[in-house]
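Input: a single structure, listed below in structure tokens.
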Amino acid sequence: MKPLYLRSSGSFKRLLLFIGGHRSPAKPAADAGKEAPEPSPESPHRPAWRCFSYDEINRATGAFHEGNLVGRGGSSEVYRGELPDGKAVAVKRLMGASACERRERDFLAELGTVGHARHPNVCALLGCCVDRDLYLVFEFSRRGSVAANLHDEAAPAMGWAARRGIAVGTARGLEYLHKGCQRRIIHRDIKASNVLLTDDLQPQISDFGLAKWLPSEWTHRAIAPIEGTFGCLAPEYYTHGIVDEKTDVFAFGVFLLELMTGRKPVDGGHRSLLSWARPLLADGKVDALVDPRLGGDYDGEQARRVAFVASLCVRAPATWRPSMTEVLELLEGGEIRQDRWAMPEAAADDEEPWWFDDLNDEDEEFNTPSPSSSSSTTSN
Ligand SMILES: Nc1ncnc2c1ncn2[C@@H]1O[C@H](COP(=O)(O)OP(=O)(O)O)[C@@H](O)[C@H]1O
Ligand SMILES: [Mg+2]
């Protein structure tokens, strides 16, 4: 299939109109429906975003004033803005004039995926603008990303309840992307800087620049080049470019570890969180995993669950990772069935999680290893 790269903003406009995203906010009510086609049975799923003019976003951001710059990613700048009705927005300007095709591809990926998603744990797209440059407009998150909040040394440490709430909410958002929306969406870059927080600390998955649709009849996609974030990439993805829901499950496992430990996926010394955490997970040393900044103030059973779920998510064989539906059940306190999660000898490796029959026994000191399998076949 030929990749869809569109070069002129005129082509973009036609495409956007074709997609059906253009909703003029000023359309008089009396006109509504006259020229419009009959609403299709799918109309509840029609995107709710619209096209903005350059003037609108330029005015909203104070002409992209430096003081309104709130984030800079690999290929974008994000500005805070305010619409005439007072609504706060984030305007994402896609950068990289030299890599025009990539910029357009990222723009279309983001528009074509998050533009169809509506969920409390997914950052809402409000619209786009293709005048002069490529822009996406989102609801603004005043708190910024999970990464900014979690790793802010100057602020008090984020409490355990907030971390667990973020884990559960993000799992909900991801389950929706995989199963709940019209098409299967694989995000491909789940990490703390791509999860934003609402005022009351609800997580919202954002940055769909690498996201892909997965047709229902396909088991996976093979993708090149490999893109994403070092330290969060599933082994089958970085070795063979294979992408499916389990790619996101793996990255979600790393995200859980980041929330729990307060460590970045790769630290300043290029040490990966996963390689540091794996032996502790295998030995069930939950206390050693939990962020010392919490000063021991956390719910032990919840922490054991989070660690257990993380250890399942980062399993090397993708088929032995849970689905996001299962992840959510387990995080929310569902029964843990050993027979469901025990890997057969042939698939097992030395990264197996411990088994914790004592999970619900609050009196019992959590203690360690009895990995179900100590046989070592693979590692990653
Ligand atoms: N809706 C938003 N509200 C507030 N800040 C945002 C919003 N979207 C993005 N940001 C900030 O901008 C940063 C980069 O945005 P992102 O969409 O991840 O771009 P990139 O694709 O370049 O990584 C985020 O980590 C976050 O700090
Ligand atoms: Mg990002």
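Laboratory data are not the source of any read-out in this text; all were calculated from the coordinates shown. The model shown is predicted, which means the values in this text are computed figures rather than measured ones. Positions of Cβ are backbone-derived with ideal geometry, glycine not excepted, and every protein chain shown enters the neighbour counts.
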**Q.** Whole-Hz couplings from phi, Karplus 6.51/-1.76/1.60, listed for the range 309-325; x for Gly and Pro
**A.** 4, 4, 5, 6, 5, 9, 4, 5, x, 4, 5, 9, 8, x, 7, 5, 5
Q) Counting Lys and Arg as +1 and Asp and Glu as -1, each charge on the Cβ, what is the dipole of the range 146-378 about the Cα centre in debye, to the nearest 20? A) 1100 debye
Q: Starting with the fewest neighbours, write out His270, His187 ranked by other beta-carbon atoms found within 10 Å of each beta-carbon.
A: His270, His187
Q) Can you flag which of Lys264/Lys285; Lys92/Lys179; Lys212/Lys246; Lys87/Lys191; Lys191/Lys212; Lys92/Lys246 are past 24 Å Cα-Cα? A) Lys92/Lys179; Lys87/Lys191; Lys92/Lys246
(Q) What whole-number volume per residue, in cubic angstrom, does the convex hull of the C-alpha atoms of the range 226-315 give? (A) 89 Å³
Q) Between rounded, prolate and oblate, where does the range 79-221 land on the alpha carbon gyration tensor, with a ≥ b ≥ c its root eigenvalues, rounded for a/c under 1.5, else prolate if a/b exceeds b/c? A) oblate
Q | Cα-based Rg / Dmax (Å) for the range 146-378 | A | 16.9, 51
Q. When ranked by the protection proxy of mean other Cβ atoms within 10 Å per residue, highest first, what sequence do the peptides 330-339, 310-319 form?
A. 310-319, 330-339
Q. So how do 216-224, 285-293 stack up, highest first, on mean other-Cβ count within 10 Å?
A. 285-293, 216-224
Q | Cβ-defined net charge surrounding Arg271, 10 Å radius [Lys, Arg +1; Asp, Glu -1] | A | +1
**Q.** Mean Cβ neighbour count within 10 Å, used as a protection proxy, ranking 154-161, 239-246, 255-262, 53-60 highest first
**A.** 255-262, 239-246, 53-60, 154-161
